Amino acid sequence: MSRLCSTTFTGSRVIRRRALGVASLIVCIAVQLPGIAAQPQTPPAPAPQSSGPVPDRVEPAEHSFTFTYANRPIAVLRARVLGHDPDERARGAEQILDDLVDRDLTGPVASRPFESAMLITVASRNVLALTPLDVDELSGETLPGVTAQTVERLRQAVGEAVEARTPRKLVASTGQALTGLAIGVLLLWGIAHVRRRFVDKVVSAAERKITEAGLADVHSLRASRLLELQRKLLTAIAVAMGFVVVYGTLTFVLRRFPYTRPWGESMRGYLLSTVERLGLGIVNAIPGLFTVFLIIVITRFLARVVGLWFKAIEEGRARARWIYPETAQPTRRLVTMLLWLFAIVVAYPYMPGSGTDAFKGVSVFLGLLVTLGSTGLMNQLMSGVMLTYSRALRVGDYVRIGDIEGTVVHLGVLSTKVKSYLGEESTIPNAVVVGQTTTDYSRYAEIGEVFTPTSVSIGYDTPWRQVQALLLLAADRSAGVRRTPKPFVLQEALQDFYVKYTLFVCLERQERRYFTLHELHAQIQDLFNEFGIQIMSPNYVFDPGTPKMVAKKDWYAAPASLGNGSAGDEQQPRRPDEKIHAP
């Protein structure tokens, strides 16, 4: 019994001497208690075999601690033993190992059971105790497996600790490290030297071959930046080779010294595991990538077929009762977009890494962007769809949207572009177009049902039939005014001092309405001056002493010249397609 009490749970130097005495006393009491409490009439009952340590000596710790020696992780401690946390247990074991290494007692490293725990010994000296609570059963660990792994790691760490304290081995390791470093520097210099000479030769040879074959001349070849791309590709290959050399050299140097050897081994293991993981990932991704490729090919084929059909409807080579030619192009875009969105949804599960957190993060980010911008975006999208399928506007129509007047040059998903007669292009959001009154001057202009008005004020002393004839004559002399339907004149109002006459004409080209009205107004002024009729605008209180009109001899007063005026009998009328430059 005294021999059993002398082998305590953690060893004589793992914890303080006082804790050792308390542990020995607890063990002795626990073993002798059944005999002391036994009655003379009843034989003592055997103590029950416990599957774990006594609860008052071993309990789960609040935190775990990794016991490390000689820069190598040995074991993860998760139990609190005799009131000592895992970090205190690790420090005690480290002190014992330092003492053994100083005394050159490094073996053998073994293990032996004690109750439900395992004692790790070095040179027959207790160093560390592993309990069932130190084992992570959820990850599949077992006490015998953890013990064997700890013994192997401790044996390697103790050997490296002895090596780190041997000057002869350190000198040899230093020489090997310097040699490896010199070789690495030499390889880097060689890669840089070869890159400079090889890249220039390869680029020059490629340039010479292409020019000799007549595929392109020197100037166009250099302008295409193809040679620059080739040079950058070769440079990237050289940089990758240099990275491999630096990585290998650093790994070799770190593995020469005991303290840094774990880092070198981890770097080599990381590189190998990364290459292995990438290779396996590529192999495993081949079926999914093939499926994604097949989906893309099918979707592209369907999009081309749909595009050709809608193109035929747009050009009038095919007809569909539910699609108009002017809505064929936006419908084609919508259908193509829906096809690709459906293809993305179908192909997403087959994409490599679709189930990773990175893909999920990107999905959340895109969803957040759509959520934040959906209000204005969806408003513009729905307004664009309504404009398209209500056929309110067409490309080429001359329209007025609010205060903007011009030709529609683009009907987009989000906005409409209008070009004015001055060459200004205005971009109007579709929601604004929907919310304002839009006047289309071109929709019925081709069949002559759009009339453009212009008004004059003539006094009551002028026969209205004469005014009407003069206005119709001005319309007949003006280029750009349709002859069919015929212009007509209405007396819109009988004002206090004059009659308001309005001439209605149809224009041949609505986009030139301002230039046509300019010529029409010039013809009206010349005719009324020629026949001595005064235009009574603006208002007046009494008749002037002399009529307010321009004599024909003054029609071309300086700086005007004959043939360069606005209008007149001598002036040749412009052709409807003649371009007029606005001032």
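Throughout, read-outs are computed from the coordinates displayed, never taken from laboratory work. These numbers were taken from a predicted model, which means no experiment stands behind them. Ideal geometry is used to build each Cβ from the backbone, glycine not excepted, and the neighbour counts take in all protein chains shown.
Overview of values
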item	result
Environment charge at L494 (Cβ cut-off 15 Å; Lys +1, Arg +1, Asp -1, Glu -1)	-2
R0 of 35 Å, Cβ-Cβ distance R483-V432: FRET efficiency to nearest 0.05	0.35
Neighbourhood charge, 14 Å Cβ-Cβ cut-off, centred on V171 and excluding it, Lys, Arg +1 and Asp, Glu -1	+3
Along each principal axis, Cα extent of segment 257-371, largest first, Å	83, 33, 19
FRET efficiency estimate (nearest 0.05) - Cβ-Cβ, S139 to R112, R0 30 angstrom	0.75
Cβ-based net charge around Y69, under 10 Å, with every Lys or Arg adding one and every Asp or Glu removing one	-1
Gained length - M337 relative to L233, 0.36 nm times residue gap less alpha-carbon distance	33.9 nm
Extended-chain gain in nm, criterion 0.36 nm per residue less alpha-carbon gap, D554 and F243	103.0 nm
Span from the segment 257-290 Cα centroid across to the segment 50-125 one, whole angstrom	33 Å
Residues whose placed amide H lies under 5 Å from that of V58, excluding near-sequence neighbours	L82
About the Cα centre, charge dipole magnitude for segment 452-554 (Lys/Arg +1, Asp/Glu -1 at Cβ), debye	380 debye
Cα centroid of segment 298-364 to Cα centroid of segment 139-169, whole Å	62 Å
Modelled FRET efficiency - R0 25 Å, R400 with E492, Cβ distances, 0.05 increments	0.75
Pairwise label distance in nanometres, H193 with R168, each label 7 Å out on the Cα-Cβ vector	3.9 nm
